[in-house]
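The values are calculated or read from the model by the stated rules, or taken from the named source; none is laboratory data. The structure presented is a predicted model; accordingly, all values stated were derived computationally and were not measured. When the accessible area is computed, the model is the full protein with side chains, heavy atoms only, and any ligands, DNA or RNA have been set aside. Shrake-Rupley method; radii C 1.70, N 1.55, O 1.52, S 1.80 Å.
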Amino acid sequence: MITVIVFSCKKAALNTSDPNNLTTGNYYKTAAQLKAGLNAVYAVMHQNNLVSREWYYLHDTRSDEVFPGGGQLEIPRRQLYENTDDPTNPVMNSVWNGWYNVIFRANVVTDNAANVTDNPADVKITVGEAKFLRAWAYFDLVSMWGGVPLVTSVPKSPTDFKPRATVSAVYAQIIQDLTDAASVLPGKSSTDKGRATASAANAMLGRVLMQKGDYAGAKAAFLKIPTTGADGYSLTSRYLDNFELATEFNQESIFEVVFFDKGDNNYNWGGESAAEPQSTVRNQEYCPVAWRNLIPSDKYLNEFESTATGAAKTDPRFSYSVYQSGDLYNNGQSTLTDADQNGNSSVLHGVTKKISWRKFMIIYQESAATAGFHPGGNNQRIIRYAEVLLDLAECANETGDIAGAVSYLNMVRARADVAMPPYPTAQFPVTTKSDVVKAIMHEKMVECGDEELRNIDILRWRPKGYFATEPIGGFHPGRDELLPIPQAELDNNPLVTGHQNPGY
């Protein structure tokens, strides 16, 4: 006898997904998986296209705080400094592509969040972080390129192109993203460091609203940042704590990009993996005894108050921010010389000498042989509380509160190891709004020099007529306010073709 056994099942009950062929459509089902997607957003933000290298170059070369270190500065970077760049400039293209990579990966997170149901509280935070990073990307893009393609979801096809949105539309999206992020993100974490917080979102929102001229709104955002309790922020007593390895994530740091020292001097800085540690090459690029590609500008150096020019006290932030020949490094065991510093010299108070950047360099604790060509793990501080105080001063001044503005400025000057005389001073009276504008511009430069803020400040202050003379050499009015749309975008996006910025 033959027995036939027949099994039947409903087709709908079959799991037809291939676990070995994961896509964005079938992967994001749990909060942990969504967080992995978020980590991929952070990963691309750390890369050479952005904060590890090209991001600070783009901002710095469009400011008046730097000067070429010498002939070693590569042509694409020199073009940006000299305002001779064109739509093919690779540094500019790297930042554009890097930020759109951040945007794409952030959109993957926001698009798939609705599919995750296992941990709704964690999902909200993950989406908030993704929106913060997307907003930062769009703020950099709109402030430097003007209207850009506004992409807030993952493209459905290779032909899902977007045209250049209006500047107001891009800003509206940024403000919405940061408002959403601030409403769901937590405060400081003692363990999960390097992630966006509510304070980071409010600080970035304040920056954005200032750039739009909404000083009342910016002030309201800044004042949401706590100054007491476990989540509170305050100035460090030591200025250099904001730029050294051992004092990362201090009480002044609101948001910083995390880097890891891999212990070598090769070009293994970090790749695409969300789990791979990434180093920053900034220490090599600006280091006094390495490439020294950009050095402090004479304008920046001579901005500091000094007894040599009649000030009551020399601002100690000068020696905290730059090295000059004769300074000690390597834990006090080595002396910097002219011969150590290749390339151009500076002129300080009429005297020619070699001066280099100190901020973010690791030579303070290492020898020239070790630190000179050493991709490091020094975190890039993006937002710190001193900047918030200076921005609050600007907000107060622009809304008619001169006394409040001066109070905020003096908080920054009163840092324990700075202790500069409070305003007013002989050099900086603060009686009128115009007086306070000059004090703000001075204090922002000497406090936040080479922290990639000056470019954005110039873009905000230039239309207000706050500069007696144009701060950027070789500047072409009507063209150089914005960067050119990259040639690859013009060639590959038919909705952008023919819509280049003026003058290019």
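Under a cut-off of 26 Å between alpha-carbon atoms, report the lysines in cross-link reach of Lys438, not counting same-chain residues fewer than 8 places apart.
Partners found: Lys212, Lys219, Lys299, Lys313, Lys359, Lys464.
Roughly speaking, what is the centre-to-centre gap between the stretch 212-263 and the stretch 436-504 when only Cα atoms are used, to the nearest Å?
Distance between centres, Cα-based: 25 Å.
Sorted from largest down, what three extents in whole angstroms do the Cα atoms of the stretch 116-177 have along their principal axes?
39, 27, 14
Report, ordered by chain and residue number, the aspartates and glutamates lying within cross-link reach of Lys262, taken as a straight Cα distance under 19 Å and ignoring same-chain residues fewer than 8 apart.
Counting by Cα, and skipping residues close in sequence, Lys262 has these aspartates and glutamates nearby: Glu244, Glu248, Glu272, Glu276, Glu285, Glu366.
How large, in Å, is the stretch 389-504 by the Kirkwood hydrodynamic radius built from its alpha-carbon pairs?
Values: mean 1/r = 0.0606 Å⁻¹.
Result for the stretch 389-504, one decimal place: 16.5 Å.
How many Å³ per residue does the convex hull of the Cα positions in the stretch 331-417 occupy?
Numbers: hull volume 15.0 nm³, N = 87.
Measuring per residue, one finds 172 Å³ for the Cα hull of the stretch 331-417.
Order Arg462, Arg238, Arg381 by their accessible area, 1.4 angstrom probe, all chains in place, largest first.
Details: Arg462 50, Arg238 90, Arg381 5 Å².
The ordering from most to least exposed comes out as Arg238, Arg462, Arg381.
From the list (i) 25; (ii) 62; (iii) 32, can you say which value of percent of Cα pairs over 39 Å apart was derived from the structure given?
(i)
Report the full-extension gain for the segment Thr314 to Gln176: residue separation times 0.36 nm, less the Cα-Cα distance, to one decimal in nm. Show your work: numbers first, answer last.
On the way: separation 138, 0.36 × 138 = 49.68 nm, distance 4.37 nm.
That works out to 45.3 nm of additional length.
Subtract the Cα-Cα distance of Ser237 and His349 from 0.36 nm times their separation in residues, and report this length gain in nm to one decimal.
On the way: separation 112, 0.36 × 112 = 40.32 nm, distance 2.88 nm.
The span from Ser237 to His349 would gain 37.4 nm if fully extended.
Treating cross-link reach as a plain straight distance, find the lysines whose alpha-carbon is under 16 Å from the alpha-carbon of Lys193, omitting any fewer than eight places away in the same chain.
By straight Cα distance, Lys193 reaches Lys35.
Work out how much length Ser183 to Ala32 would gain on full extension: take 0.36 nm times their residue separation and subtract the Cα-Cα distance, in nm to one decimal. Intermediate results must be reported in sequence, preceding the final value.
Details: separation 151, 0.36 × 151 = 54.36 nm, distance 2.14 nm.
Fully extending the segment from Ser183 to Ala32 adds 52.2 nm.
Heavy atoms only, probe 1.4 Å: what % of the accessible area of the chain goes to carbon and sulfur, would you let me know?
Numbers: 11060 of 20270 Å².
Here it works out to 55 percent.
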